[in-house]
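Some notes on the structure that comes next.
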């Protein structure tokens with residue numbers, strides 16, 4: 001008797017600031033190709049188009065966010081820069097208060113998208129601002145109804161894992177009750193990332209109870225060389241009933257791997273000291 005085919009693992013991809021679903025689709029092309037028989041990736045656009053008035057990051061270019069979008073008059077769906085929210089800082093009694101404008105709408109849009117699915121997602125894979133959103137979504141699926149924009153629904157089930165590349169904690173205190181997160185999380189940190197510094201990523205790692213951290217020597221992008229591809233393939237497919245539940249060898253132990261650093265937020269995985277770097281860019 002032939003074996004019953006396993007349904008594909010469904011992963012929702014959330015793009016970064018100034019990207020869109022088309023850009024994220026391209027950035028994960030190396031994984032889509034490697035996992036085409038095992039994983040079904042789905043990508044969704046952030047709700048807000050970035051306008052020139054919203055974009056004030058000094059000399060930073062969209063390319064620094066690993067994006068090829070533009071704000072010229074010839075924008076297409078593939079080149080339109082988008083965002084999940086806009087970050088605004090205000091000084092109140094000598095303290096900087098951060099507000100994420102539009103975040104409630106973004107959460108409501110994701111809620112609508114999820115309940116429209118015939119088959120629920122198994123996991124979420126977020127980059128940069130999308131990684132911040134991925135963590136928030138993971139928390140909401142652990143506790144549907146936690147926020148008015150994300151009411152409980154029979155179709156909403158906890159994810160098996162969350163992947164955060166260049167991610168960070170939500171800086172708006174109105175959402176501080178979303179943490180801690182119990183779902184297994186994988187955090188990819190660029191040691192030379194000046195958009196979302198390792199220090200800023202650590203703020204998210206600290207509030208994830210089952211966190212695994214892998215670091216690379218690059219900047220703000222999703223690492224895709226052979227060792228990382230092999231690691232992602234192993235990790236993303238390990239959360240089956242008989243799988244390793246994320247306890248797979250790191251990139252340095254994969255074919256094509258070199259010396260790499262692995263860290264953790266708890267004692268269930270190998271750990272190394274926290275890494276810090278310079279300041280992050282204000283657009284996020």
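The values are calculated or read from the model by the stated rules, or taken from the named source; none is laboratory data. Quantities reported herein were computed from a predicted structural model and do not represent experimental measurements. Cβ: placed from backbone, ideal geometry, glycine included. Neighbour counts: every protein chain shown.
Conditions tested, residue by residue: (1) closer than 14 Å to residue 13 by Cα; (2) within 14 Å of the chain's Cα centre (by Cα).
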| residue | (1), (2) |
| --- | --- |
| 116 | no, no |
| 122 | yes, no |
| 144 | no, no |
| 148 | no, no |
| 185 | no, yes |
| 191 | no, no |
| 201 | no, yes |
Scanning the stretch 90-104 for residues that are surrounded by 10 or more Cβ atoms within 10 Å (Cβ to Cβ), touching a strand residue (DSSP E or B) at 6+ places or on another chain (Cβ under 8 Å) and either at pLDDT below 95 or part of a helix (DSSP H, G or I) (or both) gives 97, 98
Is it true that some residue in the stretch 121-132 is more than 21 Å from residue 189 (Cα to Cα) and touching a strand residue (DSSP E or B) at 6+ places or on another chain (Cβ under 9 Å)?
yes
Could you say which residue among 237, 276, 261, 267 is at pLDDT below 60, in contact with a strand residue (DSSP E or B) (Cβ under 7 Å, 6 or more places away or on another chain) and at negative phi?
261
Given the structure, is residue 171 outside any helix (DSSP H, G or I), under 23 Å from residue 99 (Cβ atoms) and out of contact with any strand residue (DSSP E or B) (no Cβ under 6 Å at 6 or more places or on another chain)?
no
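Quick one: which of 171, 145 is at pLDDT below 95 and surrounded by fewer than 21 Cβ atoms within 10 Å (Cβ to Cβ)?
Numbers: 171 fails: at pLDDT below 95.
Just one listed residue meets the conditions, 145.
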Meets criteria (part of a helix (DSSP H, G or I), touching a strand residue (DSSP E or B) at 6+ places or on another chain (Cβ under 9 Å) and touching a residue at least 24 places away in the same chain (Cβ under 8 Å)) for residue 245:
no
Pairs, first over 23 Å from residue 43 (Cβ atoms) in the stretch 94-119, second assigned to a loop (DSSP other than H, G, I, E, B) and at pLDDT 95 or above, C-beta under 7 Å, six or more apart:
98/171; 98/172; 99/172; 101/85
Say we look at the stretch 221-236 and pick out the residues that are in contact (Cβ under 8 Å) with a residue 40 or more places away in the chain, buried (at least 23 other Cβ atoms within 10 Å of the Cβ) and in contact with a helix residue (DSSP H, G or I) (Cβ under 7 Å, 6 or more places away or on another chain); which of these is nearest to residue 23 (Cα to Cα)?
222
Subset tally (residues that are in contact (Cβ under 8 Å) with a residue 24 or more places away in the chain and not in a loop (DSSP other than H, G, I, E, B)) for the stretch 6-45
20
Using the structure shown, decide if residue 3 is modelled with pLDDT under 90, surrounded by fewer than 17 Cβ atoms within 10 Å (Cβ to Cβ) and assigned to a helix (DSSP H, G or I).
no
Scan of the stretch 151-168 for residues that are out of contact with any strand residue (DSSP E or B) (no Cβ under 9 Å at 6 or more places or on another chain), closer than 25 Å to residue 28 by Cβ and without any contact (Cβ under 8 Å) to a residue 60 or more places away in the chain, ordered by number:
155, 156, 157, 158
